[in-house]
Amino acid sequence: MKQLTIHLPPEVEPYGEDLRRFFDAMVYKLKVHHRKGRWDGKTVEEYLPLLDGEVVELKEAVQSGNMVEILTEAADCANMALIISAIAIERGK
């Protein structure tokens with residue numbers, strides 16, 4: 001397994017544990033969905049509605065008060081945003 005090291009500037013260090021937890025959740029959710037494959041050949045327009053759906057799921061998780069679901073749904077939102085930004089950047093090349 002590959003390890004990633006992230007250096008935090010002093011101003012961001014107070015958020016270190018929050019960032020680690022969130023990043024771990026993002027990686028976990030990417031692993032759960034790895035069989036869906038990468039987003040090669042997909043468009044931003046295909047993923048924007050999926051992001052909207054993840055936001056709805058996050059809102060539902062917040063309303064339920066389930067902390068694990070809040071974390072994993074927030075990670076799904078972040079992963080969709082990651083995918084959208086990767087597509088946009090790759091398209092810009």
Checklist entry - Round to a whole number: what % of the accessible area of the chain belongs to carbon and sulfur, probe 1.4 Å? => result 61 percent
Item to check | Selection from LEU71, GLY92, LEU58 lying farthest towards where the dipole of the chain points positive, charges on Cβ | outcome: GLY92
Checklist entry - Can you list the aspartates and glutamates whose alpha carbon sits under 15 Å from that of LYS59, skipping same-chain ones fewer than 8 residues off? => result GLU69, GLU73, ASP76
Checklist entry - Which distance in nm do the two modelled labels at TRP39 and PHE23 give, with both placed 7 Å along the Cα-to-Cβ direction? => result 2.0 nm
Item to check | Correct option for percent of Cα pairs over 15 Å apart [calculated from the coordinates] among (1) 67; (2) 80; (3) 57 | outcome: (1)
Item to check | the chain, relative contact order [Cα under 8 Å, separation at least 6], % | outcome: 35 percent
Item to check | Peptide ranges 5-17, 70-82, 38-50 listed from the most packed, as the mean C-beta count within 10 angstrom indicates | outcome: 70-82, 38-50, 5-17
Checklist entry - Where only protein heavy atoms count, and the probe is 1.4 Å, what is the accessible area per residue for the chain in Å²? => result 78 Å²
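The values are calculated or read from the model by the stated rules, or taken from the named source; none is laboratory data. What you see is a predicted model, and the numbers here were worked out from it, not measured in a lab. Cβ sites come from the backbone with ideal geometry, for glycine too, and all protein chains shown count toward neighbours. All accessible areas refer to the heavy atoms of the entire protein, side chains included, with ligands and DNA or RNA removed. Shrake-Rupley method; radii C 1.70, N 1.55, O 1.52, S 1.80 Å.
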